[in-house]
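Heads up, the thing below is written out as structure tokens.
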Amino acid sequence: MSAVIASEAARARMMMEQLPEKQRLAIAFRIDEGMSFREVGEMIGSSESAARVNYFHGIRRLRDLME
């Protein structure tokens, strides 16, 4: 991994702390653990569709924070 990519990944991790808990967990479970949206929903106490919404809203918010 290049230094730039590693730096941006670390920055994204720091920015994730600003997200609401369900969004943060949805992103972490989906990306870090490779879970399906159904599995993510079970872990965060939501439906599959709510897990999907939390994930995509979190990703959008993370992009905005990193600009």
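Among the numbered conditions (1) within 18 Å of residue 61 (Cβ to Cβ); (2) surrounded by 13 or more Cβ atoms within 10 Å (Cβ to Cβ), tell me where residue 21 comes up short.
Condition (2) is where residue 21 drops out.
Take residue 40 and tell me if it is of a type in the set (Val, Ile, Thr) and either exposed (fewer than 13 other Cβ atoms within 10 Å of the Cβ) or at pLDDT below 95 (or both).
It is false that residue 40 is of a type in the set (Val, Ile, Thr) and either exposed (fewer than 13 other Cβ atoms within 10 Å of the Cβ) or at pLDDT below 95 (or both).
Tally the residues that are without any contact (Cβ under 8 Å) to a residue 40 or more places away in the chain, polar (S, T, N, Q) and over 16 Å from residue 41 (Cβ atoms), restricting the search to the stretch 1-30.
Matching residues across the stretch 1-30 total 2.
Residue by residue through the stretch 21-53, note down the ones that are closer than 21 Å to residue 9 by Cβ and of a type in the set (S, T, N, Q).
If the condition is that a residue be closer than 21 Å to residue 9 by Cβ and of a type in the set (S, T, N, Q), then 23 is the only one that fits.
What about residue 2, is it among the hydroxyl-bearing types (Ser, Thr, Tyr) and surrounded by 13 or more Cβ atoms within 10 Å (Cβ to Cβ)?
no
Taking the options 59, 5, name whichever one is modelled with pLDDT of 95 or more and assigned to a helix (DSSP H, G or I).
Result: 59 is the single residue among 59, 5 that is modelled with pLDDT of 95 or more and assigned to a helix (DSSP H, G or I).
The values are calculated or read from the model by the stated rules, or taken from the named source; none is laboratory data. Quick caveat: nothing in here was measured; it's all calculated off a predicted structure. In this analysis, Cβ positions are derived from the backbone assuming ideal geometry, glycine residues included, and neighbour counts consider all displayed protein chains.
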